[in-house]
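The values are calculated or read from the model by the stated rules, or taken from the named source; none is laboratory data. Bear in mind the structure is a predicted one, so any value in this text is a computation, not a measurement. Every residue, glycine among them, receives a Cβ derived from its backbone with ideal geometry; neighbour counts consider all protein chains shown. These accessible areas exclude ligands, DNA and RNA; they are computed on the full protein's heavy atoms, side chains included. Shrake-Rupley method; radii C 1.70, N 1.55, O 1.52, S 1.80 Å.
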Amino acid sequence: MNLKEILAFAAKNRASDVHIKSGIPPILRIGNKLHPVPNAPKFSKEIILNMALSIMNDHQKKRFKEDLQVDLAFHIPNVCRARINAYRQQGTTAMVFRIIPYKIPSIAELNLPPIINKIAGAKRGLILVTGATGSGKSTTLASMINYINETRTNNVITIEDPIEYIHQDKKSIISQREIGFDTPSFPIALNGALRQDPDVILVGEMRDLETIETALTAAETGHLVMSALHTLDVTETINRIISVFPPYYEQQIRIQLAGIIKGIISQRLIPRQDGKGMVPAVEVMVGTSRTREYMHDKEKTGQLIEAISQGYSTYGMQSFDQSITDLLKNKLISYEEALRQSTNPADFALKLSGISNDADVDGRGSDSFG
């Protein structure tokens, strides 16, 4: 069984990931469980090393030798693409493949709330998609870029490490640049993008001060900038961005961030009740006068979750618990899983029973789309 056969089998069986390491057969992650590939061989360390090197270019081989790990992409025509991390463990090579379908799912197909369409419709500002590794950030961003591609004539520049979903030009034109292949780094590519007549810039991940600073400036000067962060919720996202800058810049960054933010989408994946994969629970904040005020004022930032919950009907915002409630009402997840994933299981159970309800009282300010 070769690598292409393994990935084809994984794609056919709706696996999200494939793990390959010496001494065991390839392992698939389907839903939230691991399964060995039936009748697959146990690969030796030599075979896995050769397998890894065979899919790397010279730059990736150099990085792998120096860093003992490297990110890359691989594709099988008409089957799937894969994002790969090759790394060393106990002196041997191992690889993890994230399976990426060729078809880019729509926002609706991902079971994301309708407000995501409106956020993606913004013409300028900053949109952030956050969550833990494997929470679907890249897929959500790809679906939003695809929505832009289908609905308006824009020049879209993406900077990715590596490129995952491949976009075909529709109404928009899309240039996709891969770190280490088309450009040496995020900061260099982002600065270059500003001279490429962009309407929309996708930064695969905001990893460092220079990238974050340039992204904020790009959003402030009339571009729509979209990016991902490894943060768990809206409040942590804001605090993480601010913490990257020196302390004496804090108030300036708060003002800048509050002025450009269009939406923060934080997500986590929850096992479906029917056992057919995962479904996202999504916390969504949009830029309103109230949320901007809370971002601007350090003492009020911790109250953002209250503003999000209370803006459910008026603005389409939602907390994780409100998202989980909707998933439960739509029979997508079980009651036990809903309790397990909720912020406070006891309070969540009370709300479900009707003892406590969140009122929709956020009537302050207009939305900031456009």
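Just a few scattered comments:
- Scanning the range 327-337 for residues that are crowded, with 17+ Cβ neighbours inside 10 Å and touching a residue at least 40 places away in the same chain (Cβ under 8 Å), we see that the one that is nearest to residue 267 (Cα to Cα) is 327.
- Listed by position, the strands (runs of 3 or more DSSP E) contained in the range 70-179 that have at least 3 residues being surrounded by fewer than 18 Cβ atoms within 10 Å (Cβ to Cβ) and not small (Gly, Ala, Ser) are 80-89.
Condition check ((1) touching a Gly at 6+ places or on another chain (Cβ under 7 Å); (2) outside any strand (DSSP E or B); (3) among the small types (Gly, Ala, Ser)) across all residues:
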position	(1), (2), (3)
225	no, no, no
236	no, yes, no
249	no, yes, no
274	no, yes, no
283	no, no, no
290	yes, yes, no
294	no, yes, no
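- Test: residue 278 is open to solvent by less than 10 Å² (accessible area, probe 1.4 Å), in contact with a strand residue (DSSP E or B) (Cβ under 6 Å, 6 or more places away or on another chain) and not basic (Lys, Arg): no
For every residue, the table says whether it meets (1) closer than 30 Å to residue 33 by Cβ; (2) acidic (Asp, Glu); (3) at pLDDT below 95.
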{"position": "253", "(1), (2), (3)": "no, no, no"}
{"position": "258", "(1), (2), (3)": "no, no, no"}
{"position": "264", "(1), (2), (3)": "no, no, no"}
{"position": "277", "(1), (2), (3)": "yes, no, yes"}
{"position": "284", "(1), (2), (3)": "yes, no, no"}
{"position": "291", "(1), (2), (3)": "no, no, no"}
{"position": "324", "(1), (2), (3)": "yes, no, no"}
{"position": "332", "(1), (2), (3)": "yes, no, no"}
{"position": "347", "(1), (2), (3)": "yes, yes, yes"}
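- Number of positions in the range 284-315 that are closer than 19 Å to residue 117 by Cα and among the small types (Gly, Ala, Ser): 3
- Meets criteria (open to solvent by 60 Å² or more (accessible area, probe 1.4 Å), under 20 Å from the mean Cα position of the chain (by Cα) and either farther than 23 Å from residue 33 by Cα or touching a residue at least 12 places away in the same chain (Cβ under 8 Å) (or both)) for residue 317: no
- The residues of the range 1-18 that are crowded, with 17+ Cβ neighbours inside 10 Å and over 21 Å from the mean Cα position of the chain (by Cα), listed by number, are 3, 6, 7, 9, 10.
- Against the numbered list (1) among the small types (Gly, Ala, Ser); (2) over 26 Å from residue 284 (Cα atoms); (3) touching a residue at least 24 places away in the same chain (Cβ under 8 Å), residue 218 comes up short only at (2).
- Filter pass, residue 63 being in a strand (DSSP E or B) and either at pLDDT below 95 or open to solvent by 50 Å² or more (accessible area, probe 1.4 Å) (or both): no
- Scanning the range 4-50 for residues that are of a type in the set (Asp, Glu) and part of a strand (DSSP E or B) returns a single hit, 17.
- Boolean, residue 256 is over 27 Å from residue 176 (Cα atoms) and surrounded by 17 or more Cβ atoms within 10 Å (Cβ to Cβ): yes
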